[in-house]
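K.L.:
Got a structure here, written out as structure tokens. Questions coming.
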Amino acid sequence: MGLSFGMHNFISQSKAKRFIEALQEERIETTRCIKCDRTFFPPRADCPHCYDNGVQWFEVKSREGVLKTFTTVMVAPQEFVDHSPYCVGIIELPEGISIMGWIKGTENGLQVGDSFKIVIERRANGPMIYLEKQ
Amino acid sequence: MRVAVIGVGQGKFGRRDDANLRELAFEATKAALDDCGQTINDVDATFTGIASDHFAQQLQPGALMSDYLGVQPGPNYRVEAACATGSAALRTALMAIKSGMHELVLVIGVEKMCEVDTNTAVGYIGRGGDVQWESPFGTTFPGNYAMIAQAHMARYKTTKEDLARVAVKNHFYGAKNPYAQFQKEITLEKALNAPMISSPLGLFDCSPLTDGAAAAILTSEERARNLTDTPIWIDASSVATDTMSLLDRKTLTELPASQEAARIAYAQAKTRPKDIDIACVHDCFTIAEIVAYEDLGFCSPGSGKDFIEEAYIGGRLPVNVDGGLKAKGHPLGATGLGMLKELTMQLRGEAEAGRQANGAEIGLMHNVGGTGHYCFMHILRR
């Protein structure tokens, strides 16, 4: 068993586990296809366009983006009942990548389009992504 | 070759503490066979739509259907496409008849969602998203559609009151449908003051967890002419797929799979949105009905909120006058076939008093799987 991703991990094995290992070192890494140059986020180990074996990892430098949408989950899955309510958001980085995380604080006053930054929390069992309003 | 729907049936949708998966399926199958005067021995092949083995705690539920419905030793194919499972089974059955491999078929859709508790069920449905990259954040299906709603509200000034108006409409018609889970009208105030499920979606913005089954008997044109005076013809069947994860979508205010399925279906049936007389659209959440109006071309992008009043009987195009998923209920595998039963009754002129659309000739059914991972559409004509 490798590192656990997020608040509750369901998938323990993946060719794309480097994403989680990098996150634990506070870097965001993802893949692009060597042949067609398409970028994948979340990372994919395989390109569904080229069916070629080559993807390469690269670091996403941005830490700030724009809030695309959000919701506060009141009725949660069994594994998350003790955490609810929690606010899930998606922000878009300048690279065109959309990233999901838990928004720090409540949704009060939040608006689509607000500026956010990514805060990676390193825990003993693995990394968690938070989004914080700027 | 044309294919006809000659029989339809369903049992009561709702929390069915009195019946299990197999018994629900039997109710609908018997009703569909009785509707067209056929017996299970007349059926060449069965197509079973069940979305998840988890809810009913039964693996290989297709085999269970073969057994309990008396299909054996005939063939039975189990089909799955999330919340569009029923329509996927319908389309598969249609392909089987068109291929000439089978001639008279049973399509059965069923789901027993209330065998497990609510949080467990919410968790299972949530895993219809990307389990590797989204589920670790506790995403749910209300949560995913809530994020679509939030984006739609920000871009098009759709309001929570607009969402509530969809719920009011669908409960208005659910109250007239004896098969509906909720047969009670609600007020705008009640919808707006309901507990939040996943903001901005409250309790009345969400379809419920439902036990239920619906079934249909399909056959070739030649056979249909001999068996019934009221065949309902399937003029179009389309499907389109899209990304699993919302993170991969360029836009969150529309479902590209719906737009593509609609384009194909309208072309096949040689119809335009304005030719449609009655529609069942996939209102798993109130926002989904508003987005469907736009994706299916009933109105322009962003103006879905202005179409709600037009979706009553007497308006431009009655939509979900069976109560929709919202009030009739949403037993995942059965939902598409529930739509087929509703439109068949409407096109025959046999819907209950107070919710029969006048002189409907062309009906459209729109069944979405996941958050637009799939969209299946069918256009029916009497």
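The values are calculated or read from the model by the stated rules, or taken from the named source; none is laboratory data. Nothing here was measured: the structure is a model prediction, and the numbers come from that model. Cβ coordinates were reconstructed from backbone atoms using ideal geometry, including for glycine residues, and neighbour counts include every protein chain displayed. Ligands, DNA and RNA are excluded from the accessible area calculation, which covers all protein heavy atoms including side chains. Shrake-Rupley method; radii C 1.70, N 1.55, O 1.52, S 1.80 Å.
K.L.:
Within the stretch B:169-179, can one find any residue that is among the aliphatic types (A, V, I, L, M) and open to solvent by less than 30 Å² (accessible area, probe 1.4 Å)?
P.N.:
No.
K.L.:
Output the number of the condition that A:Lys17 fails; it satisfies all remaining conditions of (1) more than 22 Å from B:Leu252 (Cβ to Cβ); (2) surrounded by 14 or more Cβ atoms within 10 Å (Cβ to Cβ); (3) touching a strand residue (DSSP E or B) at 6+ places or on another chain (Cβ under 9 Å).
P.N.:
(3)
K.L.:
Next question. What number of residues within the stretch B:204-219 are open to solvent by 10 Å² or more (accessible area, probe 1.4 Å), more than 14 Å from the chain's Cα centre (by Cα) and not hydrophobic (A, V, I, L, M, F, W, C)?
P.N.:
Residues meeting the conditions: 1.
K.L.:
Moving on to the next point. Could you tell me which numbered condition B:His282 fails, if it satisfies all but one of (1) in a loop (DSSP other than H, G, I, E, B); (2) more than 28 Å from A:Thr69 (Cβ to Cβ)?
P.N.:
Against the list (1) in a loop (DSSP other than H, G, I, E, B); (2) more than 28 Å from A:Thr69 (Cβ to Cβ), B:His282 comes up short only on (2).
K.L.:
Go through the stretch B:224-236 and give me each residue that's open to solvent by 10 Å² or more (accessible area, probe 1.4 Å) and in contact with a helix residue (DSSP H, G or I) (Cβ under 9 Å, 6 or more places away or on another chain).
P.N.:
Answer for the stretch B:224-236, where residues must be open to solvent by 10 Å² or more (accessible area, probe 1.4 Å) and in contact with a helix residue (DSSP H, G or I) (Cβ under 9 Å, 6 or more places away or on another chain): B:Leu227, B:Thr228, B:Thr230, B:Pro231, B:Trp233, B:Ile234, B:Asp235.
K.L.:
How do the helices (runs of 4 or more DSSP H) wholly within the stretch B:84-169 filter down when requiring 3 or more residues that are in contact with a strand residue (DSSP E or B) (Cβ under 7 Å, 6 or more places away or on another chain): which remain?
P.N.:
Helices (runs of 4 or more DSSP H) meeting the threshold: B:85-99, B:141-156.
K.L.:
Can you name the residue in the stretch B:123-141 that is open to solvent by 20 Å² or more (accessible area, probe 1.4 Å) and within 7 Å of chain A (Cβ to nearest Cβ) and, of all such residues, is farthest from B:Ala214 (Cα to Cα)?
P.N.:
Applying the first criterion (open to solvent by 20 Å² or more (accessible area, probe 1.4 Å)) to the stretch B:123-141 yields B:124-125, B:127-128, B:130-132.
Those still in the list that are within 7 Å of chain A (Cβ to nearest Cβ) too: B:131-132.
On the way: B:Val131: 29, B:Gln132: 33 Å.
The qualifying residue farthest from B:Ala214 (Cα to Cα) is B:Gln132.
K.L.:
Return yes or no: is A:Ile118 more than 7 Å from chain B (Cβ to nearest Cβ), open to solvent by less than 30 Å² (accessible area, probe 1.4 Å), more than 22 Å from B:Glu254 (Cβ to Cβ) and in contact with a Lys or Arg (Cβ under 6 Å, 6 or more places away or on another chain)?
P.N.:
Spelling it out, A:Ile118 is indeed more than 7 Å from chain B (Cβ to nearest Cβ), open to solvent by less than 30 Å² (accessible area, probe 1.4 Å), more than 22 Å from B:Glu254 (Cβ to Cβ) and in contact with a Lys or Arg (Cβ under 6 Å, 6 or more places away or on another chain).
K.L.:
Would you confirm whether any residue within the stretch A:27-39 is surrounded by fewer than 17 Cβ atoms within 10 Å (Cβ to Cβ), under 25 Å from A:Val88 (Cβ atoms) and more than 12 Å from chain B (Cβ to nearest Cβ)?
P.N.:
Yes: the stretch A:27-39 contains one or more residues that are surrounded by fewer than 17 Cβ atoms within 10 Å (Cβ to Cβ), under 25 Å from A:Val88 (Cβ atoms) and more than 12 Å from chain B (Cβ to nearest Cβ).
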